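Have a look at the structure below before the remarks.
The values are calculated or read from the model by the stated rules, or taken from the named source; none is laboratory data. A quick note: this is a predicted structure, and the numbers were derived from the prediction, not measured. Here Cβ is always computed from backbone atoms with ideal geometry, including for glycine, and neighbour counts include all displayed protein chains.
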Amino acid sequence: MIQVKEVRCGYGEKQVIRGISFEVKEGEFVGILGPNGSGKTTLLKMMAGILTPESGHVLLNDRSIQSYRPKALAQKIAVLPQKTNQAFSFTVEETVQFGRYPYQKGLLQSLTKEDLHVINKVIEQTDIARFKEKSIHELSGGEQQRVYLAQALAQQPQYLLLDEPTSFLDLAYQKNLLDFIKEETTSFGLTVIAVFHDVNIASLYCDRLLLLHQGKAEVFDEPDRVLTTERIQRVYETDVTKLHHPLRATPQLIIEPATVSASSNERKLADGWRTYGSNGMTYSIDHPLRILSSHKDNGGFFWKRSLGTGTWALHDTSEQSDGPDDMLFLFQADGQKEYAAESDGDHLYLYGMQHQGELTVWLLLNGFLSDGAFVQLMGQLMRIIQMETSLNIHHLCIAATQSQEDLSDAISHALLREKINHLFQTLDAIKK
């Protein structure tokens, strides 16, 4: 266990860390968050024994970290810095071998069989065997980071300290690196303490988060209790919205821009109607729409520029600027189809299709809806349709431009029922 007790530290007259206390249990993945200048890296250096606290203590297994000899400490703690500059052009294998230095004894420090076994194991684990004979300088930033991780793991540490391990990595390298480190904590009991700038990545991978603010510990707890909207807005001094990951019970935060482009108010939904015919119908527009779908296979929230329903022939021939990922396509079988459209000025458009005794209805809105308003409106739309017709519903979609005007309370039940009634009269769908 690592215990941090009332540590204080600074540079010159400036005190950076001002009385922080917490402890990290064995096998935990702990993330350290905070704005620039809050003391994240300084705290990590004290935990690694690189900096000595001006007051307070860092204890490793109930013993002051400053009391360990360097080699003994290196057998307990390995550090992976944000970026490592290596002056000499060692090979990848030679670079990993340096991780065995804490275990070498005597003047003639040669590698033992145990050293070679550990080196080969971590090279395989970190997937760097294919370029182990290359110079470290020939590798990309992501590949180099994996080499230095292998070097750290070659120390066989109980604790791994990481300083912004994903800062210079693309998405694939970030995921691969953190997936591997997380596996080491869950399967082999490695304890990991990492500084993160990205609160969302930290939320996904860490068991607990320490949030620093002005050199003090704001909170140390599980991600969903740390990453509250009020706290993050206050500490980071920026507007955020809290969302939840669709597959995990971990919060995700998105920043809110100060203004929305004025051009968003000039969007004309009527310009987006594109095709309808024997294969089905599509609606496309030149900016993403927030869409809520009730389809049994493709239900939920989406950001898409195009909606499509019908046969795959329609999907395959639709003209889209960004390919099939830009369309929410909802499959329907072959057969005769009837279409109708209904509008209310520039803000509300209804598109309907009747096919084999089933109805498809799309409600398009020029304005903003909260997710709660989307869900409420979907329920309202479904109830009105069930009152007006006995036909089955194939699927419903509500799409909004999310421009500045808030429509959450602007779409009345009476207006919606009137427009649906007109739509169904055109479709000859008023059947009871």
>> When you check Ala258 against the structure, is it of a type in the set (A, V, I, L, M), surrounded by fewer than 18 Cβ atoms within 10 Å (Cβ to Cβ) and touching a residue at least 24 places away in the same chain (Cβ under 8 Å), yes or no?
In response: no
>> Give me the residue from the stretch 384-420 that is small (Gly, Ala, Ser) and either touching a Gly at 6+ places or on another chain (Cβ under 9 Å) or surrounded by fewer than 18 Cβ atoms within 10 Å (Cβ to Cβ) (or both) and, out of that set, nearest to Tyr349 (Cα to Cα).
In response: Ala400
> Among (1) exposed (fewer than 14 other Cβ atoms within 10 Å of the Cβ); (2) at pLDDT below 90; (3) in the same structural domain as Gln354 (by TED's automatic domain parsing), which single condition is Phe301 missing?
Replying inline: (2)
> Quick one: what pairs do we get from the stretch 349-368, first residue in contact (Cβ under 8 Å) with a residue 24 or more places away in the chain and under 15 Å from Gln425 (Cβ atoms), second in a loop (DSSP other than H, G, I, E, B) and not charged (D, E, K, R), C-beta under 6 Å, 6+ apart or different chains?
Replying inline: Gln354/Ala429; Leu359/Leu391
>> under 31 Å from the mean Cα position of the chain (by Cα) and either acidic (Asp, Glu) or buried (at least 19 other Cβ atoms within 10 Å of the Cβ) (or both): which single residue out of Leu348, Leu423, Leu369, Leu381 fits that description?
In response: Leu369
> Can you pull out the residues in the stretch 220-243 that are farther than 27 Å from Phe22 by Cα and exposed (fewer than 13 other Cβ atoms within 10 Å of the Cβ)?
Replying inline: Thr241, Leu243
> Quick one: which helices (runs of 4 or more DSSP H) sit completely within the stretch 78-178 and have at least 3 residues that are touching a residue at least 60 places away in the same chain (Cβ under 8 Å)?
Replying inline: 141-154
> If you check Val235, Val240, Val195, which single one turns out to be over 13 Å from the mean Cα position of the chain (by Cα), touching a residue at least 40 places away in the same chain (Cβ under 8 Å) and over 22 Å from Met47 (Cα atoms)?
Replying inline: Val235
>> Taking the condition of being surrounded by fewer than 15 Cβ atoms within 10 Å (Cβ to Cβ), over 18 Å from Leu177 (Cβ atoms) and in contact with a helix residue (DSSP H, G or I) (Cβ under 7 Å, 6 or more places away or on another chain), how many residues in the stretch 111-132 meet it?
In response: 1
> Do we find that Gln3 is part of a strand (DSSP E or B), at pLDDT below 95 and surrounded by 14 or more Cβ atoms within 10 Å (Cβ to Cβ) in this structure?
Replying inline: no
> Quick check: is even one residue across the stretch 55-68 within 24 Å of Leu227 (Cβ to Cβ) and assigned by TED's automatic domain parsing to the domain that holds Ile181?
Replying inline: no
>> Looking at Lys45, Lys40, Lys25 in this structure, which one is surrounded by 21 or more Cβ atoms within 10 Å (Cβ to Cβ), of a type in the set (Lys, Arg) and assigned by TED's automatic domain parsing to the domain that holds His213?
In response: Lys40
